[in-house]
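Just below is one structure, and these are the notes that go with it.
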Amino acid sequence: MCFADRVLFSLGTFQNVSVPVNGTVQAVVSRVPADVSFLTLQFHTHHRNVTLSYTLVRDHTHTHSSAVCTGMHSHTQHCNALSYTRKKYTHTRDAPNVRQPKLFDPVPGACNQEFPLEIDPNIYLQYNLFETMITFAPANIGYGRGEIPPACDVDMGSSTRWRLVYEVYQYFLPEGDLSEQSLISSLEKVANVQNVQDNSRKVVSLTSHDRTQFSFSSLPGQGVIFSVIVRDPVLNTSASYIPVHTYACSFNSTLDGCSDLGRVSTKVFFTVIGLAGLFVCFVGHRFFKCELFCMGFGFTAFVFFVVITITTPLEYNLRLALTALMGVVGGVAMVMSWWRFGSVMACVLVVGLILGFLISSIVFFTPLGDLPVFHNDVVFWVVFVCIMVFVPLFFIRWPREGNIITCGVVGAYTVVLAVNAYTYTSLSFITLDVLKRLLNHNFSRAFISVPLQDIDFIMITVWVVLGVSGIVVQLYREKSRPFFPPSPYVMWKQERERRKTNVLDPSHHKPSLSAQILGRIRQLTQRAEPAGETTPLLL
């Protein structure tokens, strides 16, 4: 006798199933075609776990699986296949689907040795602030209906599972869309092998000799669906694992959850940064001291944030406040160093390094950054630093032009970062990926591709328009002015030396400031003496 509600599923189609709290649903599939050797039932929810089990009473660890996106493999020796679905949490819409691989298609997860199910077609996902990692069990070659499955531990050869090839795919949901409806409609686009090929982006191909694990850069708030297709190059057959999705954030967390990605402190910080960057973009060279303060602020804040994050476990808002404080100190120090020493080239070198850092980050933001050679930290940082240092060296011959270009490009990019504090844009990962690599040693193996969608192309246009406009305006306004304003301290020092050495200058014959003050004090003293006393005529 079965106490679960029976739901009849159709092969190859999605349907919505409502599972009550702590309720159970029995999934039934009948009339399985004769050319189908096994079935795969996949079950997807937005963010709450669901449990699939072969039996109503879960009495063995290899009979059930619990996850947001989970599935089970079922043999078809009998005319139907069934499983039990139990929902532990409050109801949301669920989308199950039953797939029907053909005879001799590879069996996903059939050579599993570490995951819960004996045959486990699931993709297991873990994420943190830096990276998202997917892992799956190796597949086995296909076999006929009712036949004994081939052994997984036989020697390597063309007739064993070692001939199989795995392809990892990535499908991005619309930016900023965390809705359940968007997720379900997107999952339907990657429900089988053909849909995955048509709608997803192929990331990498793995052989059976490679580890069935791959890392991606975490994109908090950006929905991503990962799919894996296993292919048999000998029989020209293929099958897909159960796709899995993530937003790289938690819907159940009351702190730093998906609904709280845009912190108020972050918005305030980057809004101020964006306004300062807009000022620097158009009039930074004209107000040189203000530009130096802003550039010194950015340079010091970035370095200090990396140091404090590596060395201390401070909470995010406190780190951000200390970063802002040290940025102010760094900005003041840069202005004072220019005021005291007047070395324009030293200041332009620091400014050029900031532009070089941004250009180098842009280079590795492109598909070039995903080349296997750059997964080596030594190679990556050597090339990164070489590009970063080359930029200021290139502008040594034209320091004013280099400074103005830096103001335009960097200032306009801070506007993009300010917009990112309010709405998601992938352009923030230009610098964020480099920051992640500095903070996490394991990030080097992560695949850093991010989607460029409508909002990103709009922000690229804004960045280019602001940057070009700022550069043109400043070059036009500064063409008849001195290359750089003189240092106030150096000007005062030169004026003092000029007065000491130029005897024709009338100011040369004037008493010094200290002598003038002393004489004035004596005059006041004489006026205060009694009337009967005499004073000398000459001092």
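Computed from the coordinates by the stated procedures, all read-outs in this text should not be read as laboratory data. Fair warning: this is a prediction, and the values are worked out from it, not measured in the lab. Reconstructed Cβ throughout: ideal geometry from the backbone, glycine too, with neighbour counts over all protein chains shown.
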Fewest first, what order do S360, S480, S337, S185 take by the number of other Cβ atoms within 10 Å? S480, S185, S337, S360
Here are some pairs, K289/K479; K267/K479; K436/K479; K267/K436; which of them have Cα atoms lying more than 30 Å apart in this structure? K267/K479; K436/K479
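Multiply the residue gap between L322 and S185 by 0.36 nm, knock off their C-alpha separation, and tell me the result in nm, one decimal place. Let's see the in-between values first.
Values: separation 137, 0.36 × 137 = 49.32 nm, distance 4.37 nm.
In short, 44.9 nm is gained.
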If you wrap a convex hull around the Cα atoms of the range 107-175, how much volume per residue is inside, in Å³? 139 Å³
Would you please name the trypsin sites (Lys or Arg not before Pro) within the range 115-214 that are DSSP coil residues with at most 11 other C-beta atoms within 10 Å of their C-beta? R211
Please say if the range 245-361 is rounded, prolate or oblate, where rounded means a/c under 1.5 for a ≥ b ≥ c the square roots of the C-alpha gyration tensor eigenvalues, and otherwise the choice is prolate for a/b larger than b/c and oblate otherwise? prolate
Can you give me the distance in nm between label points at V462 and L475, each placed 7 Å from the Cα along the Cα-to-Cβ direction? 2.5 nm
Starting from the 7 Å offset along Cα-to-Cβ, what nm value, one decimal, do you get for the label separation of H375 and A151? 3.2 nm
Any idea how far apart D5 and R340 come out in nm if each label point goes 7 Å out from Cα toward Cβ? 7.6 nm
So if I take the centroid of the Cα atoms in the range 126-148 and the same for the range 167-242, what is the distance between those two points in Å? 12 Å
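Could you give the length gained by full extension between E315 and L129, i.e. 0.36 nm per residue of separation minus their alpha carbon distance, to one decimal place? Please report the intermediate quantities before stating the final value.
On the way: separation 186, 0.36 × 186 = 66.96 nm, distance 1.39 nm.
Residue separation times 0.36 nm, minus the Cα-Cα distance, leaves 65.6 nm.
Rounded to the nearest angstrom and ordered from largest down, what semi-axes does the equivalent ellipsoid of the range 117-236 get from its C-alpha gyration tensor (root of 5λ)?
Numbers: eigenvalues 177, 53, 32 Å².
Taking √(5λ) for each eigenvalue gives 30, 16, 13 Å, largest first.
What full-extension length gain, to one decimal in nm, is calculated for I521 and V203 as 0.36 nm per residue of separation minus the Cα-Cα distance?
Details: separation 318, 0.36 × 318 = 114.48 nm, distance 8.38 nm.
Extra length available between I521 and V203 comes to 106.1 nm.
Which shape class applies to the range 262-478: rounded if a/c is under 1.5, otherwise prolate when a/b exceeds b/c and oblate if not, where a ≥ b ≥ c are the square roots of the Cα gyration tensor eigenvalues? Display every interim value, and only then the final one.
Values: a/c = 1.33, a/b = 1.27, b/c = 1.05.
Because its axes are fairly even, with a/c under 1.5, the range 262-478 counts as rounded.
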